[in-house]
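Asks: Sharing a structure, written as structure tokens. Questions coming.
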Amino acid sequence: MFLTMLKSKLHRVRVTQAELNYVGSITIDEDLMDAAGLLENEQVHIVNNNNGERLITYVIKGERGSGIICLNGAAARRAQVGDIIIIIAYTMLSGEEARTHKPIVVFPDENNRLVNG
């Protein structure tokens, strides 16, 4: 039996762009991707704290150090620039693996930059 467990999340990042005329996905600063262990094209769930919207999409690598969090395509209708969102990735683990698994939780600052310390 496998269990779906939290792999990682970017907690309370700010949407910096919303591009309706795009194929789809979410563009994330590569520094944030690395910190959360996210890979390009990985499925993520997005939760919008401002309006309660939830969606599933995939990650596109954004410019390192830019702080970019951009919802693309239809996802752009689910948030406005400035909205606070949570980006969540899950993993499938055996029951034994799940018992010792420790998810990665990243708390960037208000400009979507990594906080040292």
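The values are calculated or read from the model by the stated rules, or taken from the named source; none is laboratory data. Treat the numbers as computed from the prediction; the structure is a model and nothing was measured. All Cβ positions, glycine included, derive from the backbone under ideal geometry; neighbour counts span all protein chains shown.
One line per residue, one yes/no per condition, for (1) within 22 Å of Asn21 (Cβ to Cβ); (2) among the β-branched types (Val, Ile, Thr); (3) touching a Cys at 6+ places or on another chain (Cβ under 7 Å):
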residue: Asn50; (1), (2), (3): no, no, no
residue: Thr57; (1), (2), (3): yes, yes, no
residue: Lys61; (1), (2), (3): yes, no, no
residue: Asn72; (1), (2), (3): yes, no, no
residue: Ile84; (1), (2), (3): no, yes, no
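Asks: Still on this structure, I have one more. Cβ-Cβ under 6 Å, sequence separation 6+ or interchain: first residue in segment 57-84 and in a helix (DSSP H, G or I), partner surrounded by fewer than 18 Cβ atoms within 10 Å (Cβ to Cβ) and of a type in the set (Ser, Thr, Tyr). Which pairs?
Replies: Gly73/Tyr22
Asks: Restricting the first residue to segment 88-117 and requiring it to be within 16 Å of Asp31 (Cβ to Cβ) and modelled with pLDDT under 95, which pairs with a second residue that is of a type in the set (A, V, I, L, M, F, W, C) and in a loop (DSSP other than H, G, I, E, B) meet a Cβ separation below 8 Å and a spacing of at least six or different chains?
Replies: Short answer, once both residue conditions are applied: Val115/Phe107.
Asks: Among what's in segment 73-103 and is among the aliphatic types (A, V, I, L, M) and in contact with a Lys or Arg (Cβ under 7 Å, 6 or more places away or on another chain), pick the residue that is farthest from Glu53 (Cα to Cα).
Replies: Ala89
Asks: Looking only at residues that are farther than 18 Å from Asp83 by Cβ and of a type in the set (Lys, Arg) in segment 9-68, which one is surrounded by the most Cβ atoms within 10 Å (Cβ to Cβ)?
Replies: Looking at the filtered set, the residue picked out is Lys61.
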